[in-house]
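In what follows, a single structure is set out as structure tokens and then discussed.
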Amino acid sequence: MSAKQFSARIDTPSKLTETKEICQAAFARQKSRFLVCAGTGCVAMGSLQVLAEFKRLIAERGLDVDIELLFEGHEAKTAVSFSGCHGFCERGPLVRFEPLGIFYTKVKKTDVAEILEAALDNGTVVERLLYQDQDGNRCLTEHDVPFYKGQQRIALERCGATNPEEIREYFAQGGYQALAKVLSAYAPEQVIEAVDNSGLRGRGGAGFPTAKKWAFCRAASGEPKYMICNCDEGDPGAFMDRSVLEADPHAVLEGMAIAAYAIGATKGYLYVRAEYPLAIARLQKAMEQAQQWGVLGENIMGSGFSFNPEIFHGAGAFVCGEETALIASIEGWRGFPRIRPPFPAIKGLFGKPTVINNVETLANLPHILLHGEAQFAAVGTERSKGTKVFALTGKLRNTGLVEVPMGITIREVIFDIGGGTSEGTKFKAVQIGGPSGGCLPEELLDLKVDFDSLRSAGSMMGSGGMVILDETSCMVDIARYFLEFTSHESCGQCTPCRDGVYQMLQILTDITCGKGRPEDLALLEEMGRTILAGSICGLGKTAPNPVLSTLRYFRHEYEAHILEQSCPSLSCKELIAYWIDPDKCKACGQCRKACPAEAIIGEKKVAHVIEQSKCNKCGICLETCPDKFSAVSKITGRQKDALLVGA
Amino acid sequence: MPTSPEASEQKLEHVFSRFKGERKELIPILQTVQEMFGYLPEEALKEVARFTSVSESQVYSTATFYAQFHFKRRGKHNIKVCCGTACHVRGAAPLLAAFERELGIECGATTDDFEFNLERVACVGSCALAPVVMVDDSVFGLMETKRVSECLVPKGVDNE
């Protein structure tokens, strides 16, 4: 059975409300549904196969009903659909059974028949696929899972709960109502005032007040004005923008249209990384739908306001996340940042007043304008309002995307929501804010997460990457890692960043190789301060942060590398050796066979020995040595010198 | 695939017909040309310069600035080992080394049979599944060195 697609042209705000009611009624005729996560993480774990299996089995039962039939008044016992990212990527593929909200984790294709049978025939639940918390309790819905309990979702409100490729679901959930409200009842200045009252600050890193930026642009002369959404999320360790774009693209478009109205822009760009193909596809689709329905494009909802954004595919340069470099890139030049002032709000794209807002910032706008700025301002701290999305990754139990109120402590995020460090490891530090941020030690776990507290501790909110490090992570290596990144991504225009960061990287590399000198530490600090002060753009101005913060909190690790030729975390390749304990080795020969460098000598019943001159330190021997023997270990410093005498 | 000069010219004409030849179109033009040829051949860059009235050196300067653009023939499949922070702390370096061993090439190179490119990327945004490898558009999460060979049969994860 198929039906004519339900579609309409929304030419007045009341038509939008009418559409909302029709859509709500139609989806309510769907008595239950299986929502399979099709975010990038779950897709990587096989969720598309799970989705296909649901479709196949539901069709086999004769239950599949064309969505259009719902709009014609037909009912459906059940349906299957997909959503964007739920955030709990670690446990994917995720499936939610609505309306009960039963939350299945790590679902395989072979589990689908059992899930269907339980839900549709028996009214039961497949216990084994429910999330099990640390006390062994099974969690029935997302609300029971500790990972979600401490969260407060505004920007991610619909992520994972809606089909991102179906604008009618967005309508049913109140989509484009904020835009309609603004266009029919607010003057642009009133929008700016409302956002000012909400206290919203930019989520892209620097935390600049959004309304202030808009007001500058509104007041600036020059036509046309441009509204740009910065989707060039390049910070390693951050993926919130990608998830929002993939899971709720209409919220971003709606936010962008609101911003455009406020500043008086009719043209716009979404600057998306080429590494995010799915985000681009979803945005493209969402834009087409929004234009077709009349909530984007010419004369939006009969208001006389027109806004036509287009997608620009970023070509792979981290520095283009910086506003002025992004502008240069859209204009067709190398992504060289420009000296500010003039700020883009005054003189931006093609020399015209331009506002650039980050994805998460824009995704907050519909909520703020629909529910009132006071409600938003009630969340968070004095100077950081609302919530922030963090990408929680690294050595912890529950990795994924979380949204928390500003002012929550780092400890609550990592331990209550993230479940603490991975089994058997001990927390050492948390790296916040990517290459611009810093590493904070255990003593600062009770620090509040907001723009200003983080900055005063030598870190930064950045775009919201939170990488948890345990005792196997070497802090010197982490600092070196970030400088390798910024040095590679430096555009090369200004000397402090181009040469300074490169020289700092050389010094750090020497230290990780055991060639550091005691005076290097003071030199690093001096260079870091100079680069912070003398660089043109945000990349250089923050590049030394990872080094300065680790020097501040983990100086002893630097000293161990320099003074004792020791890497306490057993991580720096040049300072460690692999060693077979002759008392534990049972001469099983597995490491010898696996060693790609043929560096292991030994025969039956004779404890094996690693020939250090041949060893390339790939670590395969450590991986292959059976757990019951655990004869291979990494050694460093004095222990290494002592054990390898004569080797 | 190397193509004849005539065929290349035709392809370029096809690309150019979609643009006006303005400076601001330079990057989208280069992206479309690369999509067509798999890389940016020297001759094509010259044609792009002519079409956009931007000097050859400027076209080359812009193209080389961006990591997305390549100037040599590439392999059929692209292996990107993610070396983002989360992947780095969960063992991206040994993983990359394992790919280098398995393919017999260094990072950044293409195999002799033009089957695979191997490169490292800063972050593919799948940090929760670190370490991650992308083969063309498929993401392989929670990778281990011993699973390297399964990535070399290009297909998605079979969820059986």
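A short reminder: the numbers here are calculations on the coordinates, not readings from a lab. Given the structure is predicted, the values throughout are model-derived calculations rather than measurements. So basically every Cβ, Gly included, is an ideal-geometry build from the backbone, and we count neighbours across all protein chains shown.
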Given charges at beta-carbon only (K, R positive; D, E negative), |dipole| of segment A:18-86 in Debye: 280
Simple label model, 7 Å out from Cα along Cβ direction - A:ALA59 to A:ARG529, nm: 6.9
Over what distance in Å are the Cα centres of segment B:92-154 and segment A:354-429 separated? 31
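Can you pull out the GluC sites (Glu not before Pro) in segment A:378-464 that DSSP calls coil and that have at most 11 other Cβ atoms within 10 Å? All intermediate terms of the calculation are to be shown ahead of the outcome.
Numbers: sites: A:GLU382, A:GLU403, A:GLU412, A:GLU423, A:GLU442, A:GLU443; in loops: A:GLU382, A:GLU423.
Those satisfying the criteria are A:GLU382, A:GLU423.
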Could you tell me the center-to-center distance, by alpha carbons, between segment B:1-74 and segment A:194-269 in angstrom? 32
Which Cα, out of A:ALA374, A:TRP293, A:ALA251, lies furthest along the positive dipole direction of the protein assembly as shown (beta carbon charges, K/R +1, D/E -1)? A:ALA374
Quick one: which residues, 5+ away or cross-chain, put their amide H under 5 Å from the amide H of B:ARG90? H built at 1.01 Å from N. none
Förster-model FRET efficiency, 22 Å R0, A:GLN152 and B:LEU142, C-beta, rounded to 0.05: 0.15
In degrees from 0 to 90, rounded to the nearest 10, what is the angle of the helix A:277-293 Cα long axis to the longest principal axis of chain A? 10
How big is Rg to Rh over segment B:77-151, alpha-carbon atoms, Rh as the Kirkwood inverse-mean-distance radius? 0.93
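Nearest-5 percent of antiparallel DSSP beta bridges in the protein assembly as shown?
Working: 46 of 81 bridges.
The antiparallel fraction comes to roughly 55 percent.
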Which translational diffusion coefficient, to the nearest whole µm²/s, is obtained for segment A:311-362 from the Stokes-Einstein equation, given a Kirkwood hydrodynamic radius over C-alpha pairs, 10 °C and 1.306 mPa s? 142
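Could you give the size of the charge dipole of the protein assembly as shown about its Cα centre, using +1 on the Cβ of each K and R and -1 on the Cβ of each D and E, expressed in debye and rounded to the nearest 20? Please report the intermediate quantities before stating the final value.
Values: 88 positive and 101 negative charges, 122 e Å.
Computed about the Cα centre, the dipole is about 580 debye.
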Unit charges on C-beta of K, R, D, E only; dipole of segment A:527-647, Debye: 180
Under Karplus coefficients 6.51, -1.76 and 1.60, residue-wise ³J(HN,Hα) of segment A:568-582 in Hz, glycine/proline x: x, 8, 6, 10, 6, 3, 5, 9, 10, 9, 8, 9, 9, 6, x
Rounded to the nearest 10 degrees, what's the angle between the helix A:210-219 long axis and the longest principal axis of chain A, both from Cα atoms, 0 to 90? 60
Among A:SER566, A:GLY462, A:ALA533, whose Cα lies farthest out toward the positive end of the dipole of segment A:420-572, if unit charges sit on the beta carbon of Lys, Arg (+1) and Asp, Glu (-1)? A:ALA533
Among A:CYS497, B:ALA49, A:LEU440 the positive-end extreme of the charge dipole of the protein assembly as shown (Cβ point charges): A:CYS497
Using the C-alpha gyration tensor of chain A, what are the square roots of 5 times its eigenvalues, in whole angstrom, with the largest one first? 46, 35, 20
Computed FRET value (nearest 0.05) for B:GLU43 with A:ALA274, which takes r as the C-beta separation and R₀ as 30 Å: 0.80
Interchain or long-range residues, amide H under 5 Å from B:ASN78's placed H: B:ASN117, B:ASP136
Tilt relative to chain A, helix A:501-512 - C-alpha long axis, 0 to 90 degrees, to 10: 40
With θ set to phi - 60°, apply the Karplus curve 6.51 cos²θ - 1.76 cosθ + 1.60 along segment A:482-488 and write out the HN-Hα couplings as whole Hz, x wherever there is a Gly or Pro. 5, 6, 4, 5, 5, 5, 5
How big is D for segment A:475-563, in µm² s⁻¹ as a whole number, if Stokes-Einstein is applied with the Kirkwood radius of its Cα pairs at 4 °C and 1.567 mPa s? 103
Normalised contact order of chain A, rounded percent, pairs of Cα under 8 Å and 6 or more residues apart: 11
How far apart, in nm, are the 7 Å Cα→Cβ label points at A:LYS586 and A:LYS605? 1.6
In nm, to one decimal, how far is the modelled label at A:ALA374 from the one at A:GLN292, with both set 7 Å along Cα→Cβ? 4.1
Taking amide H positions as placed 1.01 Å from N in the peptide plane, with prolines and chain starts having none, which residues 5 or more places from A:VAL80, or on another chain, fall under 5 Å of its amide H? A:PHE34
Nearest-0.05 FRET efficiency for A:PHE629 and A:GLU117 at R0 = 35 Å, using Cβ-Cβ distance, is 0.20
A correct Karplus calculation of ³J(HN,Hα) over segment A:179-191, with 6.51 cos²θ - 1.76 cosθ + 1.60, θ = phi - 60°, whole Hz and x for Gly and Pro, returns 5, 4, 4, 5, 5, 8, 10, 10, 7, x, 4, 5, 5
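If each residue of separation counts as 0.36 nm, what is the full-extension length gain between A:ARG128 and A:PHE350 once their alpha-carbon separation is subtracted? Provide the component values of the computation, followed by the final result.
Numbers: separation 222, 0.36 × 222 = 79.92 nm, distance 5.77 nm.
Here the answer is 74.1 nm.
State, as an integer percentage, the relative contact order of chain B based on alpha-carbon contacts under 8 Å between residues 6 or more apart. Before the final figure, lay out the partial values.
On the way: 215 pairs, mean separation 29.1, N = 160.
Value for chain B: 18 percent.
Using 0.36 nm per residue, how much length does the chain from A:ASP452 to A:ASP416 gain when fully extended, once their Cα-Cα distance is taken away? Mind dumping the intermediate values first?
Working: separation 36, 0.36 × 36 = 12.96 nm, distance 2.29 nm.
Taking A:ASP452 through A:ASP416 to full extension adds about 10.7 nm, to one decimal.
Please give the calculated 222 nm ellipticity per residue for the protein assembly as shown, where each DSSP H segment of at least 4 residues contributes -39500 (n - 2.57) and the sum is spread over every residue; nearest 500 deg cm²/dmol? Spell out each step's value before the answer.
Details: 33 runs with 305 residues, N = 807.
Value at 222 nm, helices only, nearest 500: -11000 deg cm²/dmol.
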Tell me, in nm to one decimal, what length is gained between A:LYS593 and A:LYS108 on full extension, where the rule is 0.36 nm per residue of separation less the Cα-Cα distance? 171.1 nm
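Could you work out the relative contact order of segment A:18-145, using alpha carbon pairs under 8 angstrom and six or more residues apart, expressed as a whole percent? Can you show the working numbers first?
On the way: 200 pairs, mean separation 35.4, N = 128.
Relative contact order comes out at 28 percent.
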